[in-house]
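Quick notes on the structure that follows.
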Number of protein chains: 2
Amino acid sequence: MKLSTKGRYAVTAMFDIALHHHEGPVSLSDISERQGISLSYLEQLFARLRGQGLVKSTRGPGGGYSLAMDSERIAIADVIDAVDENVDATRCGGTTDCQNHRRCLTHGLWEDLSDQIRGYLSGISLAQAVSEMHVRQVSDRQDHQLHHVETV
Amino acid sequence: MKLSTKGRYAVTAMFDIALHHHEGPVSLSDISERQGISLSYLEQLFARLRGQGLVKSTRGPGGGYSLAMDSERIAIADVIDAVDENVDATRCGGTTDCQNHRRCLTHGLWEDLSDQIRGYLSGISLAQAVSEMHVRQVSDRQDHQLHHVETV
DNA sequence: CAAATAACCTAGTAAACTACTCAGGTATTG
DNA sequence: CAATACCTGAGTAGTTTACTAGGTTATTTG
């Protein structure tokens, strides 16, 4: 599991689709405008997201991308894994005979770490993340209103 | 929090020191040979680790690096943070007015995520990781012996 | 004291990755 | 048929990664 900005772009885009899902397919140009990500970069990311079966596409006018399954069934980990090719952080190519004819030092440690983080991100669905954001937005708005009242 | 191979190199090196701590300071050339990491790259990494006060150096023959504090008090997160400059994954420079005059979509989500992972890695000390590895090695050896008996 | 050791420092570099532009396709709708 | 929007590939500036090369400085040992 690799954590970088690239994965964040993908999550942001999937987030955007989840938010506008009810209006039908979401075009990449809409996402590009709303999220400030270049269209071509989005196209690259969505080629992978589609390849992993996370989104499905509809061509032609009014077309765009929609979630391939319910947003409850898409985990943040799936999205990140789809766009970030795994870096082989172990550098052993899957073998256990990687360093001086023995398991390299951090092989197990790093695997455990990766597993743990993937586990955490697998437990969070797009749906959960979206609803969490709504809660945050409401409390932000309330904070803002409160502040407004105080200053008046 | 960024997760990449660079942080893994740093953790591996710190691991090596923790394992050879009792023999006095550990030289970078020893780590280089044992872990298969280039000497100069280690020098770059240790400049940062020293700057963060995680290791202390002794010059001259028989010198090297030793842990600046007890291995129980050094968290994996500290090591990774020392070498991986934070990527500002939010791309907002700390402001909350990052995208179209509102908090960008995944700002909060990504912060939560980062916090959670940092929290996990802060809870694992070098000492814990080392002892975990020892357990793993013993069970590996037992597996190997068992296999040997079976095949004989 | 001299030589060996090892930290410390600076510069450069091939390869990979990031985020992007450009320039075309192809499928679908009105 | 024309507009839309997916799809594909090439190219690219900037950054990061992991490394090589070539020093200097501090310390120990013969």
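The values are calculated or read from the model by the stated rules, or taken from the named source; none is laboratory data. Please read all numbers here as calculations on a predicted model, not as lab measurements. Backbone-built Cβ (ideal geometry, glycine too); neighbour counts: all protein chains shown.
Against the conditions (1) outside any helix (DSSP H, G or I); (2) within 14 Å of DNA strand C (Cβ to nearest atom); (3) hydroxyl-bearing (S, T, Y), A:S40 satisfies every one except (1).
With the condition kept exactly as written, say whether any residue in the range A:50-69 is more than 11 Å from every other protein chain (Cβ to nearest Cβ), part of a helix (DSSP H, G or I) and within 14 Å of DNA strand D (Cβ to nearest atom). First the steps, then the outcome.
Taking the range A:50-69 first, the residues more than 11 Å from every other protein chain (Cβ to nearest Cβ) are A:50-69.
Still in the list and also part of a helix (DSSP H, G or I): A:50-51.
Imposing the further condition that a residue be within 14 Å of DNA strand D (Cβ to nearest atom) reduces the set to A:50-51.
Among the residues of the range A:50-69, at least one is more than 11 Å from every other protein chain (Cβ to nearest Cβ), part of a helix (DSSP H, G or I) and within 14 Å of DNA strand D (Cβ to nearest atom), which makes the answer yes.
The set of residues in the range B:1-40 that are more than 8 Å from DNA strand D (Cβ to nearest atom), free of Cβ contacts under 8 Å to residues at least 12 places away in the same chain and not polar (S, T, N, Q) comprises B:H20, B:H22, B:E23, B:E33. Give me the residue from the range A:18-49 that is away from chain B (no Cβ under 14 Å) and small (G, A, S) and, out of that set, farthest from A:M69 (Cα to Cα). Only one residue fits best here, namely A:S40.
Residues that are within 13 Å of DNA strand C (Cβ to nearest atom) and surrounded by 15 or more Cβ atoms within 10 Å (Cβ to Cβ) were ranked within the range B:58-70; the one that is farthest from B:L39 (Cα to Cα) is B:A68.
Suppose we filter A:R73, A:R50 for residues that are touching a Lys or Arg at 6+ places or on another chain (Cβ under 8 Å) and either buried (at least 21 other Cβ atoms within 10 Å of the Cβ) or in contact (Cβ under 8 Å) with a residue 12 or more places away in the chain (or both); which single one remains?
Working: A:R73 fails: touching a Lys or Arg at 6+ places or on another chain (Cβ under 8 Å).
Of the residues listed, the single one that is touching a Lys or Arg at 6+ places or on another chain (Cβ under 8 Å) and either buried (at least 21 other Cβ atoms within 10 Å of the Cβ) or in contact (Cβ under 8 Å) with a residue 12 or more places away in the chain (or both) is A:R50.
For the range A:1-17, filtered to residues that are surrounded by 20 or more Cβ atoms within 10 Å (Cβ to Cβ) and more than 7 Å from every other protein chain (Cβ to nearest Cβ), the residue that is farthest from A:L113 (Cα to Cα) is A:I17. Only one of (1) within 16 Å of DNA strand C (Cβ to nearest atom); (2) modelled with pLDDT under 95; (3) loosely packed, with under 12 Cβ neighbours inside 10 Å fails for A:G94. Which number is that? Going through the list (1) within 16 Å of DNA strand C (Cβ to nearest atom); (2) modelled with pLDDT under 95; (3) loosely packed, with under 12 Cβ neighbours inside 10 Å, A:G94 breaks only (1). Residues that are polar (S, T, N, Q), within 11 Å of the chain's Cα centre (by Cα), over 22 Å from B:H134 (Cα atoms) and in a helix (DSSP H, G or I) occur in the range B:1-13; there is at least one.
Only one of A:E43, A:E33, A:E85 is exposed (fewer than 14 other Cβ atoms within 10 Å of the Cβ) and at pLDDT 95 or above. Can you tell me which? Let's see the steps before the verdict.
On the way: A:E33 fails: at pLDDT 95 or above; A:E85 fails: at pLDDT 95 or above.
On inspection, the qualifying residue turns out to be A:E43.
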